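The values are calculated or read from the model by the stated rules, or taken from the named source; none is laboratory data. Keep in mind it's a predicted model, so treat the numbers as computed, not measured. Heads up, the Cβs are rebuilt from the backbone with ideal geometry, glycines too, and the neighbour counts pull from every protein chain shown.
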């Protein structure tokens, strides 16, 4: 039996375990990346391990999230990351150099290699044939120290692409169609591989848009073959030596297969408040809009920007619309300026933002109250934009530009002949904003600078013999890490200050939760299906730990979040019968007798509701390694013990 692309890379990097779907495997990691919203904690954790230098082939720290410096906090965190990376062998991408996934795709991603990043959209690198996976910062810290990265061996899903995209239809429409077909849970426990004749019609940036939003499917990763298109992209980046050919074997088998006809696709939009709430743009045509945001790690490549500039050239943004443009990297920004496309954007009335994530994570440019915002981003979760009642739609750059001109939701295919853009055969290479670390023999000369906002990391404790506590919060299905630990201008500056950050935990769902959890001394959280979907932010586990949460019970969990819970010593358990969810209410007194023993070696436990006398069977789906970690009080204690 042949192998898929992902299976080939996994086989090449397998450290332990067997490649059996559903079993835990350990992988050697070639590269890591962090960004500043998660990086501070990752480097604090790396320092806590006492390892002098990173052991990976390449590790890069990017500054792209917390770039709005309304106070000292973000600037202090950036200086900490700059100095700690210089000391320990990590490259540092300075503010202004660009968004981590766009820059990494341009300058560092390699076909056939493994990459984990403390950002859930790390699978962007799959557009170049790399196995990229989002992970918690602690997992990244362990990998930087030479440790193994553990995942559950994924299923393989194949998406056959046939035909060719029509004018005004983009890669964003492809992944929105896949989301429509599979839903936000459809990729859980799987790698999504793209194949078929349609693949060769897509550029690497287009492929990267598709693999980026594989995170919204819940997938472990998404990947494309490495072919002549990949080779041409790497050659344009002056990295042709990094190319290898990589494809699946003809007799490779898949757990599921889907087909998308590129020729039949029409412009699509994800409606509020989920990336899989997809409708044709034609059905939304005429809806008045207030804001358009173009950029983010999903659609900020040079080809995206040139397409938008060509559509806006000689036109003016509608009076009722505020348009922002965020180029994905300094490379993109510079080339836009040199070819004149930047002037076309400015003359049309676009507001040019810096090369950073910005509005995508609520860091500025929030919509007006109850505003309709069209965004080329990857997530439209409730309140993520920074405006609680905003109606956020995810669209392609083509749909975004067309709508910005008309002032209403507009299907770009109604605009006539699409302008043609010509892509250069060579990109402008200038890595002057990527700082190299010092040599190992000069480490002691580097002083790591820590601002007053950086606080110690909370450390978990071993589970109690019997668990007796209160159900302090009950939430529904598809709770995202944005619900648990919001982003935005008010919150992100405190990512290295867990005590302060705790004041915002779950406030999207229940503003009283932080104070109630503190008053109760912690307790248990009950969630619905797909609990913890979205971002890889480990703060969604770290802050509940600080607030005293001992266990989270749900109908099902998202992959990265359940790993983060275990890393910090919070026990994740699933309801054997999802209907038992109805037998528990916020404030109920709970008990699990033999809790520590169940964590040690049981697959089931009984949750008793002492308030109403009902009970539920819980499943502990844990590997032996995860059980050891939980018994140690989390990964930091476990790693120190090893």
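Observations
- So residue 229, is it at pLDDT 95 or above, surrounded by fewer than 24 Cβ atoms within 10 Å (Cβ to Cβ) and assigned to a helix (DSSP H, G or I): yes
- Some residue of the stretch 412-433 being under 23 Å from the mean Cα position of the chain (by Cα) and at pLDDT below 95: no
- Scanning the stretch 596-633 for residues that are in a loop (DSSP other than H, G, I, E, B), surrounded by fewer than 17 Cβ atoms within 10 Å (Cβ to Cβ), in contact (Cβ under 8 Å) with a residue 24 or more places away in the chain and within 33 Å of the chain's Cα centre (by Cα) yields 621, 623.
- Restricting the first member to the stretch 313-335 and to residues that are within 24 Å of residue 415 (Cβ to Cβ) and in the same structural domain as residue 294 (by TED's automatic domain parsing), and the second to residues that are part of a strand (DSSP E or B) and at pLDDT 95 or above, the beta-carbon pairs closer than 6 Å and six or more apart or on different chains are 317/323; 321/292; 322/291; 323/292; 324/293; 324/351; 325/294; 325/352.
- Annotation: residue 468 fulfils all but one of (1) part of a loop (DSSP other than H, G, I, E, B); (2) over 24 Å from the mean Cα position of the chain (by Cα); (3) touching a residue at least 24 places away in the same chain (Cβ under 8 Å); (4) surrounded by fewer than 19 Cβ atoms within 10 Å (Cβ to Cβ); the unmet one is (1).
- Condition check for residue 224: on the phi < 0 side of the Ramachandran plot, out of contact with any strand residue (DSSP E or B) (no Cβ under 9 Å at 6 or more places or on another chain) and buried (at least 19 other Cβ atoms within 10 Å of the Cβ): no
- Test: residue in the stretch 64-75 that is touching a strand residue (DSSP E or B) at 6+ places or on another chain (Cβ under 9 Å), closer than 27 Å to residue 255 by Cβ and not in a helix (DSSP H, G or I): no
- Looking only at the stretch 33-53, and only at residues there that are in contact with a strand residue (DSSP E or B) (Cβ under 8 Å, 6 or more places away or on another chain) and within 22 Å of residue 637 (Cα to Cα), the one that is surrounded by the most Cβ atoms within 10 Å (Cβ to Cβ): 39
- Check on residue 86, crowded, with 22+ Cβ neighbours inside 10 Å and over 19 Å from the mean Cα position of the chain (by Cα): yes
- If you check 578, 572 for being touching a helix residue (DSSP H, G or I) at 6+ places or on another chain (Cβ under 6 Å), within 17 Å of residue 621 (Cβ to Cβ) and touching a residue at least 12 places away in the same chain (Cβ under 8 Å), only one passes: 572.
- Options 479, 484; residue that is modelled with pLDDT of 95 or more, out of contact with any strand residue (DSSP E or B) (no Cβ under 8 Å at 6 or more places or on another chain) and surrounded by 20 or more Cβ atoms within 10 Å (Cβ to Cβ): 484
- Filter result for residue 579 (out of contact with any strand residue (DSSP E or B) (no Cβ under 8 Å at 6 or more places or on another chain), outside the structural domain of residue 190 (by TED's automatic domain parsing) and modelled with pLDDT of 95 or more): yes
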